[in-house]
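Only one structure is covered here, and it is reproduced in the block below.
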Amino acid sequence: MPNTTPSLPTAPVHGLGEASDWIQRWSHLVRPAGRVLDLACGHGRHMRWFAQQGHVVTGVDRSADAIQAVAGLGEAVLADIENGPWPLIQANEVRQFDAVVVTNYLWRPLFERISDSLAPGGILIYETFASGNETVGKPSRPDFLLQPSELLNAFAHLNIIAFEQGFLADPPRFIQRLVASSPGEPGSTGQIPARYTL
């Protein structure tokens, strides 16, 4: 006799599924074959996206299962970036990348380290939950929700290319998302600014 007990929906595993629309929209700004760092990479949907575009990818996560899942995509680093030392140091210097990607993750003490991880002209693509999300689901704790314009203010020292904040209906969530570049864009001269195709 078939089981007629209704099954409860399960939460999706972080990092599975397609790359976010925001990542897909702005990934063309990363220089060809550039080095991309995905912080709190989960099971690697964005690592996979950038690897398919020909980039060299590095993912960092504190979950051993997640790191095992992304090991074949590129460099996979198991580290607790909230409670441990920054794992991406080389010759006593913070390693730099042509892009840093952060999605659905917020740990404010890392904002400076994220900026330091951008190579000259590097692209930051950031998207996470914002205040208001507590009315539609999780995360709901203020520690995990950006305040109005907080992401914009935190990275105001970078060259802001795009910023959005608001509500998305499917699935319902309040978010902020930002794209910015670090100063010193390769390919620009003093008189001709770098061109970021919108």
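Suppose the filter is among the β-branched types (Val, Ile, Thr), farther than 16 Å from PHE155 by Cβ, surrounded by fewer than 18 Cβ atoms within 10 Å (Cβ to Cβ) and touching a residue at least 12 places away in the same chain (Cβ under 8 Å); does VAL56 pass it?
yes
Select from the range 90-101 the residues that are in contact with a helix residue (DSSP H, G or I) (Cβ under 7 Å, 6 or more places away or on another chain) and surrounded by 17 or more Cβ atoms within 10 Å (Cβ to Cβ) and list them in ascending order.
VAL100, VAL101
Restrict the check to the range 153-174 and report whether at least one residue is at pLDDT 95 or above, under 26 Å from GLY17 (Cα atoms) and surrounded by 20 or more Cβ atoms within 10 Å (Cβ to Cβ).
no
What pairs come up if the first residue lies in the range 13-37 and is on the phi > 0 side of the Ramachandran plot and modelled with pLDDT of 95 or more, the second is surrounded by fewer than 21 Cβ atoms within 10 Å (Cβ to Cβ) and not in a helix (DSSP H, G or I), and their beta carbons are under 8 Å apart, counting only those six or more places apart or on different chains?
ALA33/GLY54; ALA33/VAL56
Could you tell me whether the range 118-134 includes any residue that is part of a helix (DSSP H, G or I) and either surrounded by 15 or more Cβ atoms within 10 Å (Cβ to Cβ) or in contact with a helix residue (DSSP H, G or I) (Cβ under 9 Å, 6 or more places away or on another chain) (or both)?
Checked the range 118-134: at least one residue is part of a helix (DSSP H, G or I) and either surrounded by 15 or more Cβ atoms within 10 Å (Cβ to Cβ) or in contact with a helix residue (DSSP H, G or I) (Cβ under 9 Å, 6 or more places away or on another chain) (or both).
Which ones in the range 175-196 are of a type in the set (D, E, K, R) and modelled with pLDDT under 90?
Selection gives GLU185, ARG195.
Of the residues that make up the range 137-149, is at least one at pLDDT below 95, out of contact with any helix residue (DSSP H, G or I) (no Cβ under 9 Å at 6 or more places or on another chain) and either of a type in the set (Lys, Arg) or exposed (fewer than 15 other Cβ atoms within 10 Å of the Cβ) (or both)?
Yes, there is a match, as at least one residue in the range 137-149 is at pLDDT below 95, out of contact with any helix residue (DSSP H, G or I) (no Cβ under 9 Å at 6 or more places or on another chain) and either of a type in the set (Lys, Arg) or exposed (fewer than 15 other Cβ atoms within 10 Å of the Cβ) (or both).
The values are calculated or read from the model by the stated rules, or taken from the named source; none is laboratory data. Source: prediction; values computed, not measured. Every residue, glycine among them, receives a Cβ derived from its backbone with ideal geometry; neighbour counts consider all protein chains shown.
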